[in-house]
1. Evaluate region 226-235: report whether one residue or more is away from ligand 2 (no atom under 16 Å from the Cβ), part of a strand (DSSP E or B) and either among the hydrophobic types (A, V, I, L, M, F, W, C) or within 24 Å of Thr391 (Cα to Cα) (or both).
2. Looking at (1) surrounded by fewer than 23 Cβ atoms within 10 Å (Cβ to Cβ); (2) more than 12 Å from ligand 1 (Cβ to nearest atom); (3) polar (S, T, N, Q), which is the only condition Asn223 fails?
3. So which residues in region 272-294 are away from ligand 1 (no atom under 12 Å from the Cβ), buried (at least 21 other Cβ atoms within 10 Å of the Cβ) and more than 21 Å from Arg11 (Cα to Cα)?
4. State the number of residues belonging to region 52-79 that are small (Gly, Ala, Ser), surrounded by fewer than 24 Cβ atoms within 10 Å (Cβ to Cβ) and under 18 Å from Gly9 (Cα atoms).
5. Could you go through region 152-159 and let me know if any residue there is assigned to a helix (DSSP H, G or I), more than 26 Å from Tyr337 (Cα to Cα) and away from ligand 2 (no atom under 16 Å from the Cβ).
6. Within region 162-173, track down each residue that is assigned to a loop (DSSP other than H, G, I, E, B) and either buried (at least 22 other Cβ atoms within 10 Å of the Cβ) or at positive phi (or both).
7. Return the total of residues in region 262-304 being more than 23 Å from Ala364 (Cβ to Cβ) and of a type in the set (D, E, K, R).
8. Within region 19-70, restricting attention to residues that are assigned to a loop (DSSP other than H, G, I, E, B) and among the basic types (Lys, Arg), which residue is nearest to Gly225 (Cα to Cα)?
Amino acid sequence: MNVLVVGSGGREHALCWALSKSDQINSLFCAPGNGGIEEVANCVSLDIADNQAIVRFCQEKEIGFVVVGPEAPLVAGLVDTLDKAGISSFGPRAAAAALEGSKGFMKDLCRDYNIPTAAYERFSDAGSAKDYLKNQSFPIVIKADGLAAGKGVIIAQNLQEAEETVDEIFGGLFGGAGAEIVIEEFMTGEEASFFVLTDGENILPLATAQDHKAVGDGDTGPNTGGMGAYSPAPVMDDAMIKQTIETIIKPTVAAMKDRGCPYTGVLYAGLMITSEGPKLIEYNVRFGDPECQVLCARMDSDLLPALMATANGTLASTVLDWKPDPALVVVMAAEGYPGSYVKNTEINGLSQANATENVIVLHAGTKKEDNKILSTGGRVLGVTASGASVTDAQTSAYTAISKIDWPEGFCRKDIGWRAVKREQEQ
Ligand code: AMP
Ligand code: GLY
C-alpha cells in the first residue's frame, strides 16, 4: 500500500520514521515534509491547506491511507474531504476536531457529561468578561477559543493583568481565534500528557509522556510548542491511568458519539494531576509534538495496522507493544524562539550526532539545500534517545547534542529533570 503523511514537523518525522519500518508499505510520501523526512519518505510540496490538492495527489499516486499529523488540516475538514473521495485516513473529522478547535466546545462537553476539568465561563465580548473577572480569585487562566498555535493561553496574576488580557484578545492578539474566550480556574499540580487511539467506540491507550512547555531551564520563561519530553511520565502510574480512562477518556468518547460526532484518531489529553485526581486541561486531536517522538521511539509494533484499525473501527482487536525502556527528546530551537528568530542557518554534525548509541535525530524545521541542512523554523531538531532509565536517555541525548555544530541554535539543558530527580531519590 502507498501511504501519505501530512505535515512537516518533528511529529511527522517520527511518524514517517516509524511507518518506514512497516513491511506493509510500498511507497511512503510526506507532504510537505522536511530535510530529515527526506531520508525515510518521498517529500512532495503540496499545500496542506488545500484539501482538494491532497485528494488529487492521493488519486494520482494511488494512496491507500493518509495520516494527518497537525491539527489545522483536521479542523479544516481534510478527513471529511478524503472520506468523500473514498480515501481512508487517520484523524478526526472536522466536527470531532472541535475538541481542539474550540476550547468552549470542549469545556461545554465536559460540563454536560461531568468530565473533571477547571471551572470556566465563555465570553464573546470584553464587557461581560470583565464583569465576571471582578468576583474571581487570582491567578486566573484566559484562553482564546480557537487554534492559536499553542500560544492562546494566558495566566493572569491579578485583576489588572486579566482585564488587559481580555482587551488584547478581543483587540485581535490571536486574530479570529480570539473572537470568543474561555476564562477558567487556575489549577495546580503536575502536568502529564496521555494518549489513546480510538475508533469512536473502542479505546487503545498508548504510552504516557511529560513535556516541557516553557522555553527556559527550570520550566521558566514563555511557553513554546514544547522544548522536550519523555515517556513514560512517572506521575501516571497504573492507578492514575485507570482513573484517567474511566473519568475522562471513556466519558469523552461516549459523549462525542452521543453528540453525533464520533471521535476517531489519536486523542491527546493534557492533564493536571491535582490533589483531587486528574483533571483535563485541554484536548488535542493529534499526536503531541515532541511527545510523538518519544512514543515512536518506544513503540515495538508496526504502527500502520494500529492507525488503520483506528480509522476502520477495528481497534478492539489491536494490540501495540511497547519497549519498557524510557525515551527522552530534547528540542533544539533557533535562537530567539518562541519570539522572532533567524532562518536558513546551517547545521553541521548531524551524522555524528545520529551515530550516538540509542539516539535518533528527528528534524522539525529543516530543509536540505546543496547537501547542506538549513534551519527553517523555530523548533528545528528533536534529539531523541532511549535508555535503561530517563537519566541514561538524558545523558545520551545531550552527548549527541554536543556533536551538533549549530551556533544559531539552543536547547534546554534540563529536559527530564523531574524524572531524573525521582530516579536519584529511589
Ligand atoms: P493549553 O494550551 O490549554 O494546554 O495550555 C497551555 C498551558 O497553560 C498548559 O500546559 C498549562 O501549563 C497551562 N494551563 C492551561 N490551563 C490551565 C489551568 N486551568 N490551570 C493551570 N494551568 C493551565
Ligand atoms: N507538546 C505540546 C503539543 O503538542 O501541543
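1. no
2. (2)
3. If the condition is that a residue be away from ligand 1 (no atom under 12 Å from the Cβ), buried (at least 21 other Cβ atoms within 10 Å of the Cβ) and more than 21 Å from Arg11 (Cα to Cα), then Pro278 is the only one that fits.
4. Of the residues in region 52-79, 1 are small (Gly, Ala, Ser), surrounded by fewer than 24 Cβ atoms within 10 Å (Cβ to Cβ) and under 18 Å from Gly9 (Cα atoms).
5. Checked region 152-159: at least one residue is assigned to a helix (DSSP H, G or I), more than 26 Å from Tyr337 (Cα to Cα) and away from ligand 2 (no atom under 16 Å from the Cβ).
6. Gly172
7. Counting residues in region 262-304 that are more than 23 Å from Ala364 (Cβ to Cβ) and of a type in the set (D, E, K, R) gives 4.
8. Looking at residues that are assigned to a loop (DSSP other than H, G, I, E, B) and among the basic types (Lys, Arg), I get Lys21.
The values are calculated or read from the model by the stated rules, or taken from the named source; none is laboratory data. Note that the coordinates shown come from a computational prediction; the quantities given were computed from them, not determined experimentally. In this analysis, Cβ positions are derived from the backbone assuming ideal geometry, glycine residues included, and neighbour counts consider all displayed protein chains.
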